[in-house]
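Remarks on the structure that follows.
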Amino acid sequence: MTGSPMPSYHPKAIEPKWQRYWDEHQTFRTSDHPASPQQRKFYVLDMFPYPSGSGLHVGHPEGYTATDILARYRRMQGWHVMHPMGWDAFGLPAEQHAIDTGEHPAINTERNVQNFKRQIKMLGFSYDWQREVNTTDPEYVRWTQWIFLQIYDTWFDPVAKKGRPIAELPIPDEVRRRGPDEVARYQDAHRLAYQAEVPVNWCPALGTVLANEEVIDGKSERGGHPVIRMPLRQWLMRITAYAERLLEDLNLVDWSESIKKMQRDWIGRSEGAEIDFPLAAEGGELTAHDGVATPRADGLSIRVFTTRPDTLFGATYMVLAPEHSLVGQITTSAQRQAVEDYQRAAASKSDLERTDLAKTKTGVFTGAYAINPVNGRLLPVWIADYVLASYGTGAIMAVPGQDERDWEFAEVYGLPIIRTVQPPEGWSGKAYLGDGPAINSGFLNGLQVEEAKARMIDHLVEKGIGRRKVNYKLRDWLFSRQRYWGEPFPILHELDDEGRPTGRMRPVEDADLPVRLPDLADFKPTGNPEGPLVKATDWLYVMIDGKRYRRETNTMPQWAGSCWYYIRYLDPRNAERFCDPEKARYWLPVDLYVGGAEHAVLHLLYARFWHKVLYDRGHVFCPEPFQKLVNQGMILGENNEKMSKSRGNVISPDKVVDEYGADSMRLYEMFMGPLEAVKPWSMRGVEGVYRFLSRVWRLVVDERAENVCLNDSVQDVEPDRELLRALHRTIQRVTEDLDDLRFNTAIAAMMEFTNLLTPLSIRPHRVLETFVLLLSPFAPHIAEELWSALGHSQSLAYEPWPQFDPDLVKADEIEVPIQVNGKVRSRLTVPAGTGEEQLRELALADERIQSFIGGKKIVKVIVPRGQLVNIVVAG
RNA sequence: GGCCGCGUGGCGGAAUGGCAGACGCAGGGGACUUAAAAUCCCCUCUCCGGUUACGGAGGUGCGGGUUCGAGUCCCGCCGCGGCCA
C-alpha cells in the first residue's frame, strides 16, 4: 500500500483491504447444508495447479477468473456455491530439486504452495480456503491409498458391467481344489489394480518407468531423456474393463464435442473379428503346390484381430509383432539369426517411431507359414515393427489390397497383392480403403463391405475359427513409478524365512493408513527398477502376526491425487471417511469444471474411471463426476507466440497486479475474447480496462475530495425513462452473457453503459448501485469500495443480483431498415410493435423507396419479425 | 496422412440466416493546461461523386451453390492452429 490519497482510483490501496475483509469475515465460507430446501447448489471447480517453482503464469488466472465470476454471480442469485482450491503437489520437479540439493521435497513444495497461494489470493478469488487440499498432505494421502485399496478390492463383473468386491468373485471349482494360494492368485488376476510383467518405457536418467503418454518421440516428456523398452513387473489399473462405460457415458455430460471426440478416439473402440490361422507343418510351402497344406501337429495357430474380416480372401501374408510370444517357437533355424537381430533392433524403438506412416517398412521372414482358414492358402509369417504387441493380439493378417501399410510392406518385399474390394472406375491409388463390391472373395463376391463383414463373421463362427470381437485401443493404465515423491502403495509383500518374496500380498489395514513416506537422506534414483524407497531400510520391513513383509517400493503416479480431489473438497477434514456420503450425494456432480485442454484426455479419463469404481462400490452416487466442462484457450505472448522463458515473452501476474491491480487483470483476461479461444496478451489492452475502471470510479467518487466521498453528480433522484431502459438493457445483457459464459460481451455491455453515464451531470444513486452490483463479480474490489461509498456497511457479496424488467427493456420506437432486393435503401422510425402489414404499407409508400421500385414489378415483400422490410422487385 | 477447430479493419474481437465491424486498443483532430501527463469531446473499412448536406459502389481467405436475404448454411480449394497417427 502506498500512502497516496484515495480519491483517485488506486487499486493498491483498496484491493488488499477488501481481501483482508473477506478473510476476516469468512465471507466465502460455504456451509455444508443449503439455507433452504429450495436453494440450488452450484459446484464450480478449477483444475487445481501443480505449484511449480516459477509461480503463477497468466494462463492460470484466466480459468480461475471465469469460475470466480460465476461463483460470485450465483451467490448473488441466492445459489449455494461450492468454490474450492487446492494443490496437486506431488511431482517430478520437487523431487529433482531434492536430488540436486538434498532438501526434502516437502519443504520445497510447501514454499511453492505458499507462493501460489499468495498470488491467487492477490487476485481476489472467492475460494473457501477452509476447504483447501494438498495431495501431499499425509491426511490426503491416506484417502488416496484407501481408494487404491478399494480399487484393489474390486473386480469387474462383465455380466453386470460393474465393479464388485473381490470377495464376490466366483471361483471356479478347479481353482478352489488347488488350494488357497491358487484362489488368491485367481483373485489377484481379476483385481482392478493388479501387478503384471509388461513391456515398459524405462528411463534410466530419471530412474523410472513412464506411461506411454509421458514419452514423446522416444524421450521423456519431462527432461527429454532417452527411454528404452523393457519388460518389468508393474502395477496396472484395469481401466480397459470400463472402456465401454467410459465411452457410453460421454453421452451423459455437457462437454464440447471436440473433447468428447478426443476421449472417444483415445478409447478407440472398433468392431471386427478375431480369427485363428493354423500354422502349417514345416515344409508346408512345398505342399502348397498340391493345394493341400498340413497343419502343425501341435495345433499352434496365430490369432489376429481385424476390423475388416471381409478382406480375408485378400490376406497374402501375416505379421507378428517382434515381441510376439510365438516368434521363438515358429522361426525356422535358417531364419533364426535374422529374426533375433531384428527383435533386438525393434526393442530400442518407440511405438511412435515404429508406426510412423512415412517410414519405410522393414521386417524379417520367420520361415514359417500359416494357413488361411477360408481358402487354405499358405501365408508366409513375417515379423515387422509396424505391428505393435500392445494393439489387438499383436499379430495381423496382411491385406495389401485394402491396407496402406500392408501395401507398402508388400511392395518392399515383393509379396503378392490381391484386391478384394472393387475400386471405383479410374482408381489410380494403391490400397483401396473405401466401399465397393467384393471381388476375388468366393462366397462374398458382389457384397458391399458392411454386408460382407457380417457374412464373413457368420461364416467364421459357424466353422469355429473366429468370432465377433470389439477391440479397444485403450490399454490398462501403468500405475507404478520408481520415484520418491508420490503416494506409497499400501501393499505388503510376504517374505519366507530366507527373506524371499512368496508372491503373497496383503493390503495395509485401513486403520494403519496412511503409509507415510520414509525420510531419506539421499533422494537419488537407485538406477534399478525398485525406486529410491528401497533405501529406507527401517521403513521397508514389517512384522505382522509373526510373518515378515516387505513394503511395496513403487509409488503412485501424479495422476492419483488429481483423480479424486473434487470429492475431498466436500469434506476435507473428515478423519473417518474419504467423504461423508451425504455430502457427496448433495454436491456431486461438479456443475462446471474449467481448465486447460492439455488435460482433455488423460486426467479426465483417469478421474472418470476412479469415479466409476467408487460409484460401483457405493461411495459416490452419480455416474459421471463433471457435468459441464469448459476448456479455456491458451494465452499467447504479445508476439503471438506461446509464452515461454526461452522466447522471453512471459507476462507475470505479479507485475500486472502491481501496475494495474487485480481487478484490471481479471477484467482484461475476460475481455480479451471468448474464454475458449487462443488469444495474445496485450499490455495496452490491460491499460484499456484500467481506464474503464477509473471511469467507473469517477462516476461515483469525488476526485477532488480528501477522502472517498460521493461525486456531486450522484443524487437521490429517480432515473428518467431512457436511462432506466439503458440500465435494464445492461442488466439483461450482462445476465444473459454470464449464463452463457460470454464474459467479453458482458464487459462490453458495461462499458457501453458507463459511456452513457459519463456525460450526465446528475447520476441517480439507485442506478449506480445497480451498476456496481453488475460489475462486482468481474471487479470485486472496486465494486466493494464503491458499494461502501454509496452508503453500505456490509459486503455486496450476497446482495441480490439485479433483475431486469422485460417491459422496460423494450424501446418505445424502433428503426426499421427497408431493403430493396436485399440492399438497405431507407429507414422507418415506427412505434415498437408496429404490425407487419402496416410496415409493408409504410415501406412501399416511402419516398426514397418509391424511387427505387418505381415502374418495377414487385415480386414479394418480406417482413421478418417486424424488424426489417425487404422488397423484392423484378428486373 | 486422418480427424477436429478457426480464417471479419492497423490489432484483440462483436454480429438468434436480416443494417458487417459493437466494445476495447492503436491512429488522427480538438478542448483543458505555462507545458506535459491525466481527463473530456469528435473522427477513423476501401473506392467513386459532391464545397457541404449527402449519395453511390465494393467489402468478412479463394471459387461455386442454397436463399427474398449468407460473415453465418452446403460443396470444393487455400492458409493457420490443435489432437491423433
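One table, with the values for the structure above:
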item	result
Share of carbon and sulfur in the accessible heavy-atom surface of region A:630-767 [1.4 Å probe, %]	47 percent
Accessible heavy-atom area order of A:Glu24, A:Glu139, highest first, probe of 1.4 Å	A:Glu24, A:Glu139
Residue-level accessible surface for A:Trp255, protein heavy atoms, 1.4 Å, Å²	20 Å²
3J(HN,Hα) from dihedral phi, region A:620-634, Karplus parametrisation 6.51/-1.76/1.60, rounded to Hz, x for glycine, proline	10, 10, 10, x, 10, x, 10, 5, 10, 10, 10, 9, 6, x, 6
Estimated FRET transfer efficiency when R0 is 60 angstrom, pair A:Arg176-A:Tyr21 (beta carbons, to 0.05)	0.35
Selection from A:Thr770, A:Ser646, A:Pro180, by position along the positive dipole direction of chain A (Cβ)	A:Ser646
Considering only region A:528-659, percent of DSSP beta bridges that pair antiparallel, nearest 5	50 percent
Span from the region A:301-342 Cα centroid across to the region A:549-593 one, whole angstrom	46 Å
Farthest positive-ward along chain A dipole, Cα basis, beta-carbon charges - from A:Ala315, A:Ile818, A:Thr393	A:Ala315
A:Phe365, A:Phe626, ranked by accessible area, largest first (probe 1.4 Å)	A:Phe365, A:Phe626
Stokes-Einstein D (µm²/s) once Rh is taken as the Kirkwood radius of region A:491-538 over alpha-carbon pairs, at 10 °C in 1.306 mPa s	124 µm²/s
Where N is the number of residues in region A:114-162, Cα Rg divided by 2.2 N^0.38 Å	1.86
Long-range amide H partners of A:Phe42 with built H, under 5 Å	A:His80, A:Val81, A:Met82
For A:Ala370, distant residues with modelled amide H under 5 Å away	A:Ala280, A:Leu379, A:Val381
Spatially proximal lysines relative to A:Lys823 (Cα-Cα < 26 Å; intrachain offsets below 8 disregarded)	A:Lys856, A:Lys857, A:Lys860
Interatomic Cα distance distribution for region A:54-113, bins of 10 angstrom, percent	19, 34, 24, 16, 6, 0
Overall Cα dimensions of region A:467-592 - principal axes, largest extent first, Å	54, 50, 33
By average C-beta atoms within 10 angstrom, highest first, the peptides A:584-591, A:649-656	A:584-591, A:649-656
Scattering profile of region A:47-200 at q = 0.09, 0.12, 0.17, 0.19 Å⁻¹ [log10 I(q)/I(0), Debye over alpha-carbon scatterers]	-0.53, -0.77, -1.01, -1.11
Carbon and sulfur %, accessible surface of region A:772-868 computed with the full protein complex present, 1.4 Å	49 percent
Euclidean distance of C-alpha centroids, region A:715-740 and region A:92-106, integer Å	55 Å
Distance from region A:435-504 to region A:824-851 (C-alpha centre basis), Å	70 Å
Given charges at beta-carbon only (K, R positive; D, E negative), |dipole| of region A:126-282 in Debye	220 debye
Check: chain A dipole with +1 on Lys, Arg Cβ and -1 on Asp, Glu Cβ, in debye	900 debye
Rounded to 5, percent antiparallel among DSSP beta bridges of chain A	75 percent
Bins of 10 Å, starting at 0 and running to the largest distance - Cα pair percent for region A:507-560	20, 52, 25, 3
Surface accessible to a 1.4 Å probe, A:His619 within the full protein complex, Å²	40 Å²
Lys/Arg +1, Asp/Glu -1 at C-beta; chain A dipole; positive extreme among A:His493, A:Gly272, A:Val590	A:Gly272
Cut-off 15 Å between beta-carbons: net charge of the residues surrounding A:Gly596, Lys and Arg +1, Asp and Glu -1	-4
Value of Rg to Rh for region A:29-87 (Rh from inverse mean 1/r over Cα pairs, i.e. Kirkwood)	1.07
Relative contact order (%) - region A:633-697, alpha-carbon pairs under 8 angstrom, separation at least six	41 percent
Cα-centre dipole for region A:658-808 with unit charges at Cβ (Lys and Arg positive, Asp and Glu negative), debye to 20	380 debye
Value of relative contact order over chain A, rounded to a whole percent, pairs C-alpha under 8 Å and six or more apart	14 percent
Phi to ³J(HN,Hα) by Karplus 6.51 cos²θ - 1.76 cosθ + 1.60 over region A:303-315, Hz, x for Gly, Pro	9, 10, 10, 9, 8, 10, x, 5, 9, 4, 5, x, 5
Chain A: radius of gyration and largest Cα-Cα distance (Dmax), Å	34.4, 111
Net charge over other residues, Cβ less than 14 angstrom from the Cβ of A:Leu495 (K, R count +1; D, E count -1)	+1
Percent carbon-and-sulfur accessible area, region A:354-498, ignoring ligands, DNA and RNA, probe 1.4 Å	50 percent
Computed accessible area, A:Met543, all protein chains, 1.4 angstrom probe, square angstrom	130 Å²
Equivalent ellipsoid, region A:297-446 (semi-axes from 5 times Cα gyration tensor eigenvalues, Å)	26, 18, 13
Whole-Hz ³J(HN,Hα) from phi, Karplus 6.51 cos²θ - 1.76 cosθ + 1.60, for region A:841-853, glycine and proline x	5, 4, 5, 5, 7, 4, 4, 5, 5, 3, 5, 7, 9
Summed side-chain charge close to A:Thr101 - residues other than A:Thr101 whose Cβ falls under 15 Å, Lys, Arg +1, Asp, Glu -1	-3
Whether region A:715-792 is rounded, prolate or oblate, judged on the alpha carbon gyration tensor where a/c under 1.5 counts as rounded	oblate
Count, lysine Cα pairs under 30 Å in region A:404-539, 8 or more residues apart or across chains	8
Accessible area per residue, Å², chain A with all protein chains present, probe 1.4 Å	44 Å²
A:Gly503 long-range amide H proximity, modeled H, under 5 Å	A:Glu494
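The values are calculated or read from the model by the stated rules, or taken from the named source; none is laboratory data. Remember, predicted model here, so these are calculated numbers, not experimental data. Please note: Cβ atoms are built from the backbone with ideal geometry, for glycine as well, and neighbour counts cover all protein chains shown. With ligands, DNA and RNA removed, areas are computed over all heavy atoms of the protein, side chains included. Shrake-Rupley method; radii C 1.70, N 1.55, O 1.52, S 1.80 Å.
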